[in-house]
Amino acid sequence: MAYINRIALLFALLLVLASCRRSHVAAIKQSMSLADSFPDRALNILDSVRQQKVSDAEQPLYALAYTMALGKITNNIDVVTMITQSANGLGAHIEVDENGWEAISNYLENADDGFVSKIRRLHADLGINDLRFLMLVRIGFSTKTLAQIYCINEGSVKQRLLKYKAKLNITDSKMSVREYVMSL
């Protein structure tokens, strides 16, 4: 009887080990699917997998998923850094292409507590250009930098910020658009 119990216990242990291996592969594949849109979440999943010891067979898949997520985060940060460095230059126009806007959006969504989702949820009536302007405000770009990006003077940026105060329904006279955006 003890022999049968040992065999059953061994079989159960093998099943548990096999399911752990499958869950690693499933988790790694899930992180790969998240890497493009939510790289920080992908890295969190990969960190939890790593703590459970990745097998030699899973290492290549793990490394690929990790590289994908880390590369996306680095790309998003590079765009913000590029804009900041350009703004500190000679005062020329700063151009942001569609890939740059996507990288900024991903950066703020992932590294800044879901800012883009929050602002969309709270203010569904905002258009894409409104969102883009508010994303730049959230990053903390100065009035001068915003003027360079939009090819307008600093006074026009200040007027735009006042218009957004009404558009965002900021009723507190002491709260600026910048303060409101940073509070989200």
Q | Within straight-line cross-link reach of residue 29, lysines at Cα separation under 17 Å, skipping those fewer than 8 residues along the same chain | A | 53, 72
Q: Taking a cut-off of 16 Å between Cα atoms, list the lysines near residue 158, but don't count ones fewer than 8 places away on the same chain.
A: 144, 167, 174
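Going from the alpha-carbon gyration tensor of segment 129-173, what semi-axes, largest first and in whole Å, does one get by taking the root of 5 times each eigenvalue? The partial results should precede the final answer.
Working: eigenvalues 64, 28, 16 Å².
Ellipsoid half-lengths, sorted descending, are 18, 12, 9 Å.
Here, each number is a calculation from the coordinates, and none is a lab measurement. On a predicted model such as this, the values are computed, not experimentally measured, just so you know.
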